[in-house]
1. Residue under question is Ala71, and the condition is that it be over 17 Å from Leu168 (Cα atoms), at pLDDT 95 or above and not acidic (Asp, Glu); does it hold?
2. Just checking: which of the helices (runs of 4 or more DSSP H) contained wholly in the stretch 55-164 hold 3 or more residues that are hydrophobic (A, V, I, L, M, F, W, C)?
3. When the residues of the stretch 86-114 are narrowed to those that are among the polar types (S, T, N, Q) and surrounded by 14 or more Cβ atoms within 10 Å (Cβ to Cβ), which ends up modelled with the lowest pLDDT?
4. For the stretch 180-194, name all the residues that are under 15 Å from Ala73 (Cβ atoms) and either among the small types (Gly, Ala, Ser) or without any contact (Cβ under 8 Å) to a residue 60 or more places away in the chain (or both).
5. Could you say which residue among Leu118, Leu128 is in the same structural domain as Lys196 (by TED's automatic domain parsing) and either crowded, with 20+ Cβ neighbours inside 10 Å or touching a Cys at 6+ places or on another chain (Cβ under 9 Å) (or both)?
6. Considering only residues that are among the hydroxyl-bearing types (Ser, Thr, Tyr) and surrounded by fewer than 19 Cβ atoms within 10 Å (Cβ to Cβ), look in the stretch 39-85 and name the one that is farthest from Leu128 (Cα to Cα).
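The values are calculated or read from the model by the stated rules, or taken from the named source; none is laboratory data. Keep in mind that this is a model prediction, so the values were computed, not measured. When we count neighbours, we look across all protein chains shown, and the Cβ atoms used for this are built from the backbone with ideal geometry, even at glycine.
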Amino acid sequence: MSPVNFIRHIVNRPWKFMLKSVPLLSPFRFQFIQFRPVQPLCIMIETLIQTMMYYFGSDVRRINHALKVYALADCIARSEHLTDNELSTVDIAAIFHDIGIKEAERKYHSNSGHYQELEGPAVAKALLADAGLDEVQLNRICFLIGHHHSYQQIDGIDFQILVEADFLVNCYEDELSKASVNSIRQKYIKTETGIKLIESMYLSAASI
């Protein structure tokens, strides 16, 4: 394998490499001495999206809702310059935010937000057991899933963004009136990106 193709092979693989200096007589200034597999965020997210989809099975409506909330949450989080840890927390919580709905319907014959919050964390924790998340982040994700309809408990930018993304999707899916959307905008949308999105999508002259 030529050096150029070798480098291309490396950068396209999910490995982390450690480097050390080697003698100048070597054709390369550095050589690879240790490697270990890592799971980049993009690969983890792809896997978790499929996990969510398999869990919901043929319930395409809820799969689509989760995907839309995830996409908007990721967009807002990146635009608001969250840290990598905050971004992954938002993304994973968004993918699984309604994951308790099946258990809510089975146990309580209701899909209300309250019952979703009750059942969601346990389901999410089971589905995320092999995701390699540390305990602190896993607990935070489960907290967000278990409180994403409890707007008075918003306590961080990750929580705020999840709520905003969910509202942005629900405004369309629930066919809310412009007055209702404007009320949501005033009460719950706080980030600069979220404000721009809700105004562009639902409140501008072009959206009428």
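1. It is false that Ala71 is over 17 Å from Leu168 (Cα atoms), at pLDDT 95 or above and not acidic (Asp, Glu).
2. Passing ranges, in order: 60-79, 84-95, 113-127, 135-145.
3. Going residue by residue through the stretch 86-114, those that are among the polar types (S, T, N, Q) are 88-89, 110-112.
Keeping just the survivors that are surrounded by 14 or more Cβ atoms within 10 Å (Cβ to Cβ) gives 88-89, 111.
Numbers: Ser88: 96, Thr89: 97, Asn111: 90.
The extreme case among them is Asn111.
4. Tyr188, Ile189, Lys190, Gly194
5. Numbers: Leu118 fails: either crowded, with 20+ Cβ neighbours inside 10 Å or touching a Cys at 6+ places or on another chain (Cβ under 9 Å) (or both).
After applying the criteria, what remains is Leu128.
6. We begin by selecting, within the stretch 39-85, every residue among the hydroxyl-bearing types (Ser, Thr, Tyr); these are 47, 51, 54-55, 58, 70, 79, 83.
Subsequent filtering for residues that are surrounded by fewer than 19 Cβ atoms within 10 Å (Cβ to Cβ) retains 47, 51, 54-55, 58, 79, 83.
Numbers: Thr47: 10, Thr51: 9, Tyr54: 13, Tyr55: 12, Ser58: 21, Ser79: 26, Thr83: 21 Å.
Among them, the one singled out is Ser79.
Okay, residues lined up against (1) closer than 17 Å to Ile99 by Cα; (2) aliphatic (A, V, I, L, M); (3) touching a helix residue (DSSP H, G or I) at 6+ places or on another chain (Cβ under 8 Å):
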site	(1), (2), (3)
Asp134	no, no, no
His149	yes, no, yes
Asp166	yes, no, yes
Lys178	no, no, yes
Asn182	no, no, yes
Ile189	no, yes, yes
